[in-house]
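Have a look at the structure below before the remarks.
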Amino acid sequence: MKKRVLITQHIPEEGIRLLENQFDLVYHDVRTPLPSSELLESCPDAAGVLCLLSDRISQDFISRLPSLKVISNYAVGINNIDLQAAKNRGVIVCNTPDVLTQATADLALGLLLAVARKLLPADRYCRNREFKGWASDLFAGFGFQGKQCGIIGMGKIGTAFAGRVKALGMTVVYHNRKIAESPEKSFSFSSLDDLIKNSDVISLHTPLTPETRHILSRERLLQMKKGSILINTGRGELIDEQALAEVLKSGHLYGAGLDVFENEPIIHPDLLTLDNVVLAPHIGSATLETRNEMAILAATAIIEVMQGLTPGNRVVI
Ligand code: DGY
């Protein structure tokens, strides 16, 4: 008898094709998360779960699937899964690293450029037919040459972003739990306090853990350099969003580019009204190529675990 695999939401066809011949799939082809109770009811004997970052895989969820062997998260971030509960049950957890590195770094750069050069207000200005001619101060923005970018979390995505801002003429400092084995000697380690006080741009690339939740607290947001830019393509909970809205409103920051939010899909209402903020609906990895590769990686991990192999993308807990 084929083992059963639960797929909690829509994923690209490539992933489904890999799994459908080998397993009895319970595929919820939906684009918003279903309640846990509904998922559990649909496949109580699941040996594998392929889930999205918007599914909460709690201790209770894991405990109700007695046949569960593997949870494969269609994301690199794994803060939606109770890792300790999985470990205690001997359930393997996998994610989708590497394949989304460049796409996510690209989006972080796109947000930075859009904020710095006021592209969204400038686009609206043109569409509203307000453009009456060239003027020396029209949408004059933030230049990059010689300024400092501080990267919090110098993993693969942070390093890819560092290369991009270096190309803009910025110097790069980073803060990490440990000194990164960085290929670039010009990227230097900094204490978190110094990075926050001295950077003209700060970009967040650290995983969300209990230690990094609100790593940009109100106090730290106020310590950021006046006129600096904040970019977040990591997780919304890294920032105190209420405090960020206030700091942006006060004009202390030049602006912010945000792809992730503290209570997704809800966005703090004040952020929606501010002109110096560029918002994106958590699309860091959203290129067609990357999303297909993520599906293949997530599906392959399930196949490998069922074959008794250890996937390279197994999360070490
Ligand atoms: C991830 O993979 O964790 C991203 O946030 C989604 O692309």
- Using the Cα gyration tensor of the chain, the equivalent ellipsoid's semi-axes, largest first and to the nearest Å, work out to 39, 21, 18
- Message: Rounded, prolate or oblate, given the Cα gyration tensor of the range 185-231, with a/c below 1.5 counting as rounded?
- Response: oblate
- If R0 = 35 Å, then GLN145 and GLU181, at their Cβ-Cβ distance, give a FRET efficiency to the nearest 0.05 of 0.80
- Among the listed pairs LYS3/LYS69; LYS197/LYS226; LYS166/LYS249, give every one whose C-alpha distance is greater than 19 Å. LYS166/LYS249
- Query: Counting Lys +1, Arg +1, Asp -1, Glu -1, what net charge surrounds HIS282 among other residues with beta carbon under 10 Å of its beta carbon?
  - Reply: -1
- Task: Mind giving me the FRET efficiency for ASP193 and LYS166? R0 is 30 Å, r the Cβ-Cβ distance, nearest 0.05 is fine.
- Result: 0.80
- Neighbour cut-off at most 10 other Cβ (10 Å), DSSP loop, chymotrypsin sites (Phe, Trp or Tyr not before Pro), the range 131-219: TRP134
- Item | Debye intensity ratio in log₁₀ form over the Cα atoms of the range 101-279, taken at each q of 0.10, 0.16, 0.18 Å⁻¹ | -0.37, -0.93, -1.17
- In square angstrom, what is the accessible area per residue of the chain with a 1.4 angstrom probe? 49 Å²
- Sorted largest first, extent of the range 133-187 alpha carbons per principal axis (Å): 50, 17, 15
- Item | trypsin sites (Lys or Arg not before Pro) within the range 183-235: DSSP coil, no more than 11 neighbouring Cβ in 10 Å | LYS185, LYS226
- The local net charge around SER42, scoring Lys/Arg +1 and Asp/Glu -1 for residues other than SER42 whose Cβ lies under 14 Å from its Cβ, equals -4
- Query: How many nm separate the modelled label positions at GLU38 and LYS3, each set 7 Å beyond the Cα in the direction of the Cβ?
  - Reply: 2.7 nm
- Which percent of the accessible heavy-atom area of the chain goes to carbon and sulfur, probe 1.4 angstrom? 53 percent
- Simple label model, 7 Å out from Cα along Cβ direction - SER136 to ASP270, nm: 3.6 nm
- Segment GLN242-TYR125, extension gain: residue separation times 0.36 nm, minus the distance between their alpha carbons: 39.3 nm
- Item | Cα-only Debye scattering, the range 268-317: base-10 log of I(q)/I(0) at q = 0.15, 0.22, 0.24 Å⁻¹ | -0.62, -0.84, -0.91
- Query: If you put +1 on each Lys and Arg Cβ and -1 on each Asp and Glu Cβ, how big is the dipole of the range 101-279 around its Cα centre, in Debye rounded to 20?
  - Reply: 500 debye
- Message: On C-alpha positions alone, give me the angle between the axis of helix 156-167 and the longest principal axis of the chain, in degrees, nearest 10.
- Response: 20 degrees
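The values are calculated or read from the model by the stated rules, or taken from the named source; none is laboratory data. Only a predicted model underlies this, so the values are computations on that prediction, with no experimental measurement involved. Cβ atoms come from the backbone with ideal geometry, glycine included; neighbour counts cover every protein chain shown. Side chains included, ligands, DNA and RNA excluded: accessible areas come from the protein's heavy atoms. Shrake-Rupley method; radii C 1.70, N 1.55, O 1.52, S 1.80 Å.
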